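No lab work stands behind these numbers, since they all come straight from the coordinates. Worth saying up front: this structure is predicted, and the values here are computed from it rather than measured. FYI the Cβ positions are ideal-geometry reconstructions off the backbone, even for glycines, and counts take in every protein chain you see.
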Amino acid sequence: MSDNTESTTTAGQIDTVMHESRLFPPIGEFVAKARISSLDQYQQLWDEAKESPVDFWAKLAQEELHWFRPFETPLKWEEPHAQWFVGGQTNASYNCLDAHLTTDRRNKAAIIWEGEPGDVRTLTYLQLHREVSKFANALKELGVGKGDVVSIYMPMTPELAIAMLACARIGAVHSVIFAGFSAEAIADRNNDAKAKLQITADGGYRRGKVLPLKETIDAALEKSPTVENCIVLRRTNNNPPMQEGRDHWYHNLMERASSDCPATPLESEDSLFILYTSGSTGKPKGIRHTTAGYNLYVKKTFEWVFDIREEDVYWCTADCGWITGHSYIVYGPLSAGATTMMYEGAPNFPAENRFWELVEKHQVNILYTAPTAIRAFIKWGDHHVEKHDLSSLRLLGTVGEGINPEAWMWYHEKIGGKRCPIVDTWWQTETGGIMMSPLPGAIPTKPGSCTKPLPGILPSIVDEENQPVEVGHGGMLCISHPWPGMLRGIWGDEERYKEQYWSKVPGSYLTGDNARCDDDGYYWIMGRIDDVINVSGHRLSTIEVESALVSHPAVAEAAVVGRPDDLKGQAIAAFVTVTGEASEELRQELRLHVRKEIGALAQPDDIRFAAAVPKTRSGKIMRRLLRDIACGKETAGDTSTLEDYSVLVSLRDEEE
Ligand code: 7RM
């Protein structure tokens, strides 16, 4: 049982009830070859960066990016506005492509792609450069130029990456919208961004079916008056209607486009892209990232965290519609000259072993995926994994949510064969790239912890009075010095940018997450600030209760929220997906299990069995909606990011 149940809580601090003491030191083979190969070396680098973050990043920027014109001022910081590498000119498409053409990487695979039906294409750096250059010319032909916003709604095909890089090449600003969003959601985003051109496909494959993307776009464009032209990639041959004058086939434009398109020199702070993310209150916000700082940040963090080697096949299973796809499928890996793999379809098509088949077939060395996927694999059963030879893997990563220690152990044992380090990477759309993560050759890992900040990143944890919390206690996670990958604003909403990220804690970026730091300086993310549950004055984090539930063998997934309670202030409501049969006995057993694992205080008051928990389309549990259900309220706010609305309906109907 936890001793924290008896401790008195200081204002705004969050109690921890988790006892995770397993420690996994870096693995020998890793240490031998790693760029950063000891805790000391990491610490030295981190200390050096802390001493002078601006000099640290300035030196890296000079070394790592191509400069058409060198920068003069490494950082102009007028809170809350940062400008990095001012006066310099570079181009992200150049750094991802042209920079490699004069090296041995010229004919190296840049992208290995597999479609859901099993079709495979490989594009070398030279070939990718050619495709991007041609498509950039096609965009120009349709009147797209520097500063214009291009909306991209495409399946996970190489052309999605080509479209992004082509925009970057000519200084157009891309806004990628995940190819599962509705016409309404696309129109909202197109109008907010004043998109000038749309790129889409006739369709995409998902679970054996054709997603009629062009149909959705036709409906969206009826309500997107700023969009003048629409480019359509032929992928599924489902012959959508083409609107004369507005719609253009990708292949027709490419046929006549010249492959000569030098990258436009862009100012460091020219916008590279906007990416919409759902705010917890509803209206999606367009997170704006710029050219040089973002490019440097994703390149370096990719190299540090994944310790990439020239011969590696690296696979990030995210969709390019999310920041993870932008930073760690496209811009990070390609700037670093890596081979990045893309897969179009679902993890369970044609069967639940698809990922492992892909790993074996393409001899994937580094796999980066989400805890929600890992929990699904566990639920689907080990036999899907055991059929395959996964010995090519040498490093595993996770992103998107905290990983429950039991899921971490499964990933470590079943996928990593106990020989692969796991990098649990904490970051946000707003941060541009990874902020905290183990460096696999240097930092011993603890299941459930994202371990330590990367060099140049200075986190702090404060309570509601902005006072630093004691070691071991949870509070609001802030970043106290600007970093090159940080967001530069919310598109068209300066007030919201200031208010949301910079108003609460003076001088610091407010992440919106809670965290605690343990005696070894390891960080444990405790979930969103809004998700904290206050039971009798003890503030608890959802992930800890969820992890206790998931550690029971009958539980596949758990989502925990607070609901009002007359006596305790809040009571704990848990939504649980089980692997077998749900029963009253199991409910009792789970209550006792949590009590035994983390203490009486954290024992759920309600346990509801659910077929699935509602998630965002990128796989995060939507606790906001569950809160409403737990209190019996109507759901309010934006649900456009919700994966499966029927999950909500069935949860509502679910009776205890
Ligand atoms: C990359 C991404 C950001 C939010 C973030 C956290 C949560 C992400 C982790 C995590 C615990 C992690 N961008 N989150 N990674 N929580 N451990 N390793 O996911 O903008 O879509 O979401 O996701 O709450 O604030 S995001």
Rounded to the nearest 500, what is the chain's calculated 222 nm mean residue ellipticity when only DSSP H runs of at least 4 contribute -39500 (n - 2.57) each, over all residues?
-8000 deg cm²/dmol
Using a basic spin-label model with each label point 7 Å from the Cα along Cα→Cβ, how many nm lie between A554 and R234?
5.6
Computed label-point distance, nm, for sites R595 and E63 using a 7 Å Cα→Cβ extension:
5.7
Of the DSSP beta bridges with both residues in region 347-501, give the percent that are antiparallel, rounding to the nearest 5.
45
Work from the charge dipole of the chain (Cβ charges, +1 for Lys and Arg, -1 for Asp and Glu, about the Cα centre) and give the residue of A219, A630, P421 farthest towards its positive end.
A219
Can you give the three extents of the C-alpha atoms in the chain along their principal axes, from longest to shortest, in whole Å?
71, 55, 52
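By how many nm would the segment from D40 to S536 grow when fully extended, if each residue of separation counts as 0.36 nm and the alpha-carbon distance is taken off?
Details: separation 496, 0.36 × 496 = 178.56 nm, distance 4.27 nm.
The D40-S536 span can extend by a further 174.3 nm.
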Report the one residue of I152, G485, W249 whose Cα lies farthest in the direction of the positive end of the charge dipole of the chain (charges on C-beta: Lys and Arg +1, Asp and Glu -1; origin at the Cα centre).
W249
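Considering every Cα-Cα pair within region 462-548, what fraction, in whole percent, is farther apart than 17 Å?
Percent of Cα pairs beyond 17 Å in region 462-548: 54.
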Which lysines, if any, have their Cα less than 29 Å from the Cα of K498, not counting same-chain residues under 8 positions apart?
K50, K76, K146, K194, K196, K283, K285, K299, K300, K452, K615, K620
Between H251 and N191, Cβ-based FRET efficiency (R0 35 Å, step 0.05) works out to 0.75
How far apart, in nanometres, would the label points at V120 and T226 be if each is projected 7 angstrom from Cα along the Cα-to-Cβ direction?
4.2
Could you rank the peptides 383-393, 129-139 by their average count of other C-beta atoms within 10 Å per residue, with the highest value first?
129-139, 383-393
Which one, G580, L458, N191, is farthest towards the positive end of the dipole of the chain when Lys and Arg carry +1 and Asp and Glu -1 on their Cβ?
N191
Residue separation times 0.36 nm, minus the C-alpha to C-alpha distance between F349 and K418: what's the value?
22.1 nm
What ranking do 88-99, 452-463 get when scored by the average of other Cβ atoms within 10 Å per residue, highest first?
88-99, 452-463
Can you give the FRET efficiency to the nearest 0.05 for D606 and W502, using r as the Cβ-Cβ distance and R₀ = 51 Å?
0.85
Could you name the lysines in cross-link range of K387, using Cα to Cα under 27 Å and dropping any fewer than eight places away on the same chain?
K209, K361, K379, K414, K418
Residue separation between D382 and Q243 times 0.36 nm, minus their alpha-carbon distance, gives in nm 45.1 nm
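Rounded to a whole number of µm²/s, how large is the Stokes-Einstein D of region 409-487 at 4 °C and 1.567 mPa s, given Rh as the Kirkwood radius over C-alpha pairs?
91
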Log entry: pair-distance distribution for region 184-294, C-alpha pairs binned every 10 Å from zero, whole % per bin is 12, 32, 37, 18, 1
Arrange the peptides 436-445, 488-497 so that the one whose residues have, on average, the most other Cβ atoms within 10 Å appears first.
436-445, 488-497
Under a point-charge model restricted to the Cβ atoms of Lys and Arg (+1) and Asp and Glu (-1), what is the dipole moment magnitude of the chain relative to its Cα centre, in debye to the nearest 20?
1500
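Calculate, for S480 and K283, the FRET efficiency according to 1/(1 + (r/R0)^6) with r their C-beta to C-beta distance and R0 22 Å; round to the nearest 0.05. Show your work: numbers first, answer last.
Values: r = 28 Å, r/R0 = 1.29.
About 0.20, to the nearest 0.05.
Of all the C-alpha pairs in region 324-426, what % are more than 21 Å from each other?
Of all Cα-Cα distances in region 324-426, 31 percent exceed 21 Å.
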Radius of gyration and Dmax over the Cα atoms of region 49-158, both given in Å:
18.1, 52
